[in-house]
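Let me begin by presenting the structure, written as structure tokens, before commenting on it.
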Amino acid sequence: MKKAYALEWLDHVITKELDPNIAGQKPITEEKVKEIRDRIEQEEDLLLARLKQRVFRLHDETESRALVKKYHDSLLLMITRNHDYQQHPMTRKLQHKDLHIFLGIRLQRILGLFELEFSAFLGLENRVALTRLVEQKNFIEANRETMRLKLSTGEHGMAPVDIVLGVLDEFLSKIDDRLPVTLREFEYIRLLTEDVLKIDGNLTSITGCPALNELLIYWNLNSIVCIRYFTMGTEQLMNSYLTALEKLEFLKLELKKLQIIPEKQDFILNPDFPSVKEYCGKWLQNEIEYRENKLQGFAPLAQEVAAKSIKVNKFKVVVQLSADQIGLILRAADDTRLLQARSMSAVFKAIVPSLSSPYNEDLSWDNIRTKAYVAEHSDKAAAAEVLKKMVDRIHSY
């Protein structure tokens, strides 16, 4: 015996009696409108009771989930059709618009009760109702220019701004094309939009890199475009260094920066792919390993150069500061033109090999130079305190 479809009557009203695309469709009489309204009001709770009875009568959880999904999808389809029919030009001529509005409200209520009752069988991969998607779409479109301006604050160019806006635009296109959107995707876009609108122009960087770049990692915005932006951008910066050793040190520093950037908990654009941090971290590790292996091929020569360097710089001046604090002072000396050379790199290259710290005898001039741009607040305070003591001492002479 064929099982009855619990939503059959409601489905028939929307897809048959109110479909404006059906040729020869005639206006529904006032009596019929009243009949539909009254029956929906009477059957709302009965409908849910029938659905519960059918679901919980099944002893197999897989079958129960499948049945819940079937009815959930049916409700979503009815909501979509009712919404689209409401916007149809024939609907106004047939004078059905008020009835569609009434049905839309009732369908939303039924869906809400259904999702609440069967929440144990529904998850983040279930679809979202079109009416809710349209509401979010309208919100994004109304705030798009505001978001663009907020994202554009900072010295990071338009590329990361376009990445964020591109993800939002793709979401809007899916709604326009009536493609399914899961609750996971909907929640990601909703929370991403909220975060962007909270940007107040005072973005602070953790690593010294552009703050929006760090946010792309924090938001786990793991689109192909975003991944390429990071890998290709890192490659371009790396190629600006001349020697293989400089390139290797740059990559190691980039990996260290990446590792300290946090990720938003349980938040990712595409859960089927690695996060931005995971993908870029593996990419950097592979690049570092490749270049280390390449350098080992010239190990005897490298060891000979290192031996000469140790011999020449056997006696070094010990600076009672950390490497990061030394870098800050040298950077400030160059910026104020106290020390003058062809470039800041030349200043570091000439001075650092003659220095050591209590924590490290052999300091890397390039590493210290780079760290001078990503120094922590505590290092800045320590370096400033030392300089203040020097000023006080000079005044005492």
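Computed from the coordinates by the stated procedures, all read-outs in this text should not be read as laboratory data. This is a predicted model, so every value here is computed, not measured. Reconstructed Cβ throughout: ideal geometry from the backbone, glycine too, with neighbour counts over all protein chains shown.
Can you tell me which of Phe273, Phe102, Phe230 moves the most in a GNM of the chain? Springs connect C-alpha atoms under 10 Å apart.
Most flexible of the set in this elastic network: Phe102.
Let me make sure I get this right: for segment 8-122, a, b and c are the square roots of the gyration tensor eigenvalues over alpha carbons, sorted descending. Under 1.5 in a/c it's rounded, otherwise prolate if a/b > b/c, else oblate. Which is it? Show your work: numbers first, answer last.
Numbers: a/c = 2.59, a/b = 2.09, b/c = 1.24.
Cα axes put segment 8-122 in the prolate bin.
Go ahead and set up a Gaussian network model of the chain, Cα springs under 10 Å, then flag whichever of Thr146, Thr80, Thr62 fluctuates most.
Looking only at Thr146, Thr80, Thr62, the largest GNM fluctuation is found for Thr62.
Jot down the per residue volume, in cubic angstrom and as a whole number, of the convex hull over the alpha-carbon atoms of segment 132-296. Let's see the in-between values first.
Working: hull volume 19.1 nm³, N = 165.
Expressed per residue, the convex hull around the Cα atoms of segment 132-296 is 116 Å³.
Identify all lysines with a Cα-Cα distance to Lys70 below 17 Å; exclude those on the same chain that are fewer than 8 residues away in sequence.
Within reach: Lys2, Lys3, Lys52.
I'd like the distance separating the alpha-carbon centroids of segment 91-109 and segment 19-47, in whole Å.
Segment 91-109 and segment 19-47 have Cα centres spaced 9 Å from each other.
If you line up the long axis of helix 323-335 against the longest principal axis of the chain, both from Cα atoms, how many degrees apart are they, to the nearest 10?
With rounding to tens, the tilt is 80 degrees.
Just one of (i) 26.9; (ii) 23.6; (iii) 28.2 is Kirkwood radius over Cα pairs in Å as worked out from the coordinates here. Which one is it?
This structure yields the entry labelled (i).
If you place +1 on the Cβ of every Lys and Arg and -1 on the Cβ of every Asp and Glu, how big does the dipole about the Cα centre of the chain come out, in debye to the nearest 20? Before the final figure, lay out the partial values.
Numbers: 56 positive and 58 negative charges, 112 e Å.
With only Lys, Arg, Asp and Glu charged at Cβ, the dipole is about 540 debye.
Read phi for every residue in segment 178-189 and hand back ³J(HN,Hα) as whole Hz from Karplus 6.51 cos²θ - 1.76 cosθ + 1.60, θ = phi - 60°, with x for Gly and Pro.
6, 7, x, 10, 7, 4, 4, 5, 4, 5, 4, 5
Given the options Ile224, Ile189, Ile268, which has the most mean-square fluctuation in a GNM of the chain, springs set between C-alpha atoms less than 10 angstrom apart?
Ile224
Return a whole-number percent for the relative contact order of the chain, with Cα pairs under 8 Å and 6 or more residues apart as the contact set.
Working: 335 pairs, mean separation 44.3, N = 397.
Once normalised by length, the contact order is 11 percent.
On a 0 to 90° scale, report how tilted helix 61-87 is relative to the longest principal axis of the chain, with both axes built from alpha carbons and the result rounded to the nearest 10.
The helix 61-87 is inclined about 80 degrees to the chain.
Excluding residues fewer than 8 places away in the same chain, name every one of the lysines whose C-alpha is closer than 19 Å to that of Lys257.
Once the sequence-local lysines are set aside, what remains near Lys257 is Lys247, Lys277, Lys282, Lys371, Lys380.
Round to the nearest 10 and give me the degree value, 0 to 90, for the angle of helix 97-117's Cα axis relative to the longest principal axis of the chain.
60 degrees
Going Cα to Cα from Lys316, which aspartates and glutamates come in below 13 Å? Please leave out same-chain ones fewer than 8 positions away.
Glu361, Asp362
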